[in-house]
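A quick write-up on the structure given underneath.
Values in this text are rule-based calculations from the coordinates and carry no lab data. Source: prediction; values computed, not measured. Note that each Cβ is placed from the backbone with ideal geometry, even for glycine, and that neighbours are counted across all protein chains shown.
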Amino acid sequence: MYRVWNFVTNYSLLLIIGAILALIWANTNPQTYHDFVEFVIVDDFFIGHLHDDGHGHVVRTLTLHYLVNDVLMAFFFAIAAKEVWEAIILKEGSLRGKKAATPLVATFGGMAGPIAVYLGMAYFLGSDTYDAVAKGWAIPTATDIAFSYLVGRLVFGASHPAVRFLLLLAIADDAAGLIILAIFYPSGELAPEWLLISVAAAVGVYVLFNWLPRRMDRGNEARPRSTWVRNKLSWWPYLIAGAISWYGFQEAGIHPALGLLPIVPTLPHADRAFGIFSEAETHLKDLLNHTEHLLAHPVEVVLFFFGLLNAGVEFSSIGSPTWLVLAGLLIGKPLGVLLMGWLAAGPMKLGLPEGMRTVDLFVIGCVAAIGFTVSLFVASVAFSPDDMLGNVPVQDAAKMGALFSFFAAVVSIIAGKVTRVQKQD
């Protein structure tokens, strides 16, 4: 349990503190808060958000908000991508083989259900509401992996097979979320030819600093060239390649926070992974895990500022987008996971892990309804701050729904009691 609390402390505690400070600040002195969020670091720069300078020229301005959301959050998504990559590529990866089949099908339900509830209820509320909020359909599909896993252990106990099932679902959810962000939420006008720069950076760094040294060391157990590259160059070539890839994403119009994703698979990695919450994971010394360990504390600080710069919502902004996001998470996700999980386990004959009941799928869906981090991020890119529904800023209202998704923890505990979950510690 210590490892779980340690992970939550590393990746979420400062985020929560930042979010709470933002809520207090925005509701006591909103003008200074918004001035802080949009503080201009460099005007007319080579990175930043595009806008008209008032003289007919399109320029980029680097603001504090852009620096955190679009530049520094790339390291957070790189860590998420590392877990997904290991789960897919390693021989014993958690998202490979039949053991992952039912969780993957349930993940589809856990994304389709929230979308259906969110858009269905928006349509029921009328065309004005639907038109205003439709772009936010992906907000309730997210699952906050750290908090969901922690709540899952509180509900099921550490040894219950449903906890492993939940973790597989959350990792798959993260993978799907990254794809959704890349495809459906471009940061500007698409110019896909710029992605060739990202591809070239990934291929170049992999060939020169990973494949070639290993190729030259074939038959030599001492591996002198690979060792020299690891000891002398370490992660620096990959950081440079990451910067190039990030710039390619920005210019391509794809959200640049995803710009490090092509580089993650190029880092040398161990032939096994013990899992994101395993104590043994800290003892892996390959460059991929070493880089993740180095990023841990900087990403803590990044998440603090992410919470501070994105969660500052005035309570007067609560409106229908808030309840739509919450409904998508608290209704759509449990029902979607239950329906598709049952379909996979029963009619599709993929089965459930031994010791799991069908009704446990519903409880897992309730736990996975904690969207928070990624839901907050998607809300910030899905809507412009100028999008309005009546007198309610849509982006702020949707963010409040993401923040309120913490109530899914309470719902999960109640659902566990009602369905008579037998904790296995």
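Brief remarks follow.
- Cut-off 13 Å between beta-carbons: net charge of the residues surrounding PHE377, Lys and Arg +1, Asp and Glu -1: -2
- Multiplying the residue separation of ASP271 and ASN27 by 0.36 nm and subtracting their alpha-carbon distance yields 82.9 nm.
- Once C-alpha pairs closer than 8 Å and six or more residues apart are averaged by separation and normalised to the residue number of the chain, the relative contact order reads 29 percent.
- Cα-based shape type of region 163-298, given that a ≥ b ≥ c are square roots of the gyration tensor eigenvalues and the cut on a/c is 1.5: oblate
- The residues packed around ASP217, meaning those with a beta-carbon under 10 Å from its beta-carbon, carry a net charge of +4 if Lys and Arg are +1 and Asp and Glu are -1.
- Packing rank of 196-207, 161-172, where each peptide gets the mean count of other beta carbons within 10 Å, highest leading: 161-172, 196-207
- Pair TYR123, ILE20: separation of 7 Å Cα→Cβ label points (nm): 4.1 nm
- Each of THR63, THR322 was scored by other Cβ atoms within 10 Å of its Cβ. Listed from fewest to most, they are THR63, THR322.
- Calculated FRET efficiency for the pair TRP236/HIS297, C-beta based, R₀ 22 Å, to 0.05: 0.75
- Rounded Å value of the spacing that divides the Cα centres of region 96-126 and region 333-383: 8 Å
- A protection proxy built from the mean count of other Cβ atoms within 10 Å ranks the segments 364-373, 42-51, most packed first, as 364-373, 42-51.
- Sites ARG214 and ILE179, calculated FRET efficiency, Cβ-Cβ separation with R0 25 Å, nearest 0.05: 0.25
- In plain terms, the residue of PHE77, PHE404 with the fewest other Cβ atoms within 10 Å comes first and the most crowded comes last, giving PHE404, PHE77.
- One decimal place: the segment ARG60-ALA134 gains 23.8 nm when fully extended, by the rule 0.36 nm per residue minus the C-alpha distance.
- Sequence of MET356, MET348, MET400 once ranked by neighbouring C-beta atoms within 10 Å, starting from the fewest: MET348, MET356, MET400
- Put a plus charge on the Cβ of each Lys and Arg, a minus charge on the Cβ of each Asp and Glu, and nothing anywhere else: the dipole of the chain about its Cα centre is then about 2080 debye.
- Taking each of LYS99/LYS423; LYS99/LYS285; LYS91/LYS349; LYS99/LYS333; LYS135/LYS349; LYS135/LYS417 in turn, the alpha-carbon distance tops 29 angstrom for LYS135/LYS349; LYS135/LYS417.
- Set against the labelled values [x] 20.2, 70; [y] 21.0, 59; [z] 21.9, 70, Rg and Dmax of the Cα atoms in Å computed from this structure falls on [z].
- Screening the chain for whole DSSP H helices with an alpha carbon extent of at least 18 angstrom along the helix axis and a mean Kyte-Doolittle hydropathy of at least 0.5 yields 14-28, 73-89, 101-124, 161-184, 287-310.
- Applying 1/(1 + (r/R0)^6) with r as the Cβ-Cβ distance of LYS423 and LYS98 and R0 = 22 angstrom yields a FRET efficiency of 0.25.
- When each of the peptides 109-122, 410-423 is scored by the mean number of other C-beta atoms lying within 10 Å of its residues, the order from highest to lowest reads 109-122, 410-423.
- Taking Lys and Arg as +1 and Asp and Glu as -1, the other residues whose beta-carbon sits under 15 Å from that of ALA201 total -2.
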